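Colleague: This is the structure, below, for whatever I ask next.
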Amino acid sequence: MSTQQNPEQWAAVDDYVADRLIGEDEALDAALQAADRAGLPPIAVSASQGKLLHLLARMQGARRILEIGTLAGYSAIWLARALPDDGRLTTLEIDPAHAAVATANVERAGLANRVEVRLGAARDTLRQLVEEGVEPYDLVFVDADKPSIPHYLEASLALTRPGSVIVVDNVVRGGRLADAHSTDEAVRGVRQLHDLLAGDKRLDATTVQTVGHKGYDGFTLIRVEG
């Protein structure tokens, strides 16, 4: 197997990048350790992916961020650190155990004043946010159940403004995104996402394939145009 197709080499490159460009981080390491102790699945973004989210939020000048899918709060910490002192991150989590771990991790990272963890099914909490008439979000990170991705996109559009950015994670599905005959509900969800993007002139988007500790996958980057 060539290095270009070797998952061990992908992970080694991730480790090199994290060592050279990110370094040790007590709060982030503690968040991962707490997730492991609590038995949460090891599906958080990698360190380099977390840094990418952080940089995107800073480049966007984000003051308000919405995250759909909290898990243990690892990506929430990366995103919240990009906010100004008066910034706010709202993160949505359906599982009470996950939400409890995430809340503790966020507090340990010193970010409790910037982060609100909302417990409940995302469809419900998104509807609540719309009904509350909250100020539009500058950046939305979607990292939740893939069959519901089309719904999350539509809800995100009701909660953003022209110029806002939406990032959707885990959309390549090991290459199965290109399989028009897949019966996998996650694959069908991300394919429907791309159908919606292709037909909506309000949105400009691309999908980037990635490899690394998380295997072969990718993310969709979307700019709200109008």
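Colleague: Which of the residues belonging to the range 103-133 are open to solvent by 40 Å² or more (accessible area, probe 1.4 Å), touching a residue at least 24 places away in the same chain (Cβ under 8 Å) and over 19 Å from G73 (Cα atoms)?
Modeller: Listed by number, the residues that qualify are R123, R127, V130.
Colleague: Looking at L79, L83 in this structure, which one is buried (at least 24 other Cβ atoms within 10 Å of the Cβ) and in contact (Cβ under 8 Å) with a residue 24 or more places away in the chain?
Modeller: Result: L79 is the single residue among L79, L83 that is buried (at least 24 other Cβ atoms within 10 Å of the Cβ) and in contact (Cβ under 8 Å) with a residue 24 or more places away in the chain.
Colleague: A further question on this structure: For residues that are polar (S, T, N, Q) and not in a loop (DSSP other than H, G, I, E, B), tally how many sit in the range 93-124.
Modeller: Counting residues in the range 93-124 that are polar (S, T, N, Q) and not in a loop (DSSP other than H, G, I, E, B) gives 2.
Colleague: Hey, another quick one. Looking at D217, D169, D184 in this structure, which one is free of Cβ contacts under 8 Å to residues at least 24 places away in the same chain and not aromatic (F, W, Y)? So that I can check it myself, show each step before the final result.
Modeller: Numbers: D217 fails: free of Cβ contacts under 8 Å to residues at least 24 places away in the same chain; D169 fails: free of Cβ contacts under 8 Å to residues at least 24 places away in the same chain.
Going through D217, D169, D184 in turn, just one is free of Cβ contacts under 8 Å to residues at least 24 places away in the same chain and not aromatic (F, W, Y): D184.
Colleague: List pairs: first residue in the range 149-164 and in contact (Cβ under 8 Å) with a residue 24 or more places away in the chain, second residue basic (K, R) and in a loop (DSSP other than H, G, I, E, B) anywhere in the structure, Cβ distance under 8 angstrom, at least six positions apart or on different chains.
Modeller: Hits for this filter: L157/R202.
Colleague: Let me ask something else. Filtering the range 12-42 down to residues that are touching a residue at least 60 places away in the same chain (Cβ under 8 Å) and outside any helix (DSSP H, G or I), which residue is least open to solvent (accessible area, probe 1.4 Å)?
Modeller: L40
The values are calculated or read from the model by the stated rules, or taken from the named source; none is laboratory data. The structure displayed is predicted, hence computed values, not measured ones. Ideal geometry is used to build each Cβ from the backbone, glycine not excepted, and the neighbour counts take in all protein chains shown. SASA here: full protein model, heavy atoms, side chains in, ligands and nucleic acids out. Shrake-Rupley method; radii C 1.70, N 1.55, O 1.52, S 1.80 Å.
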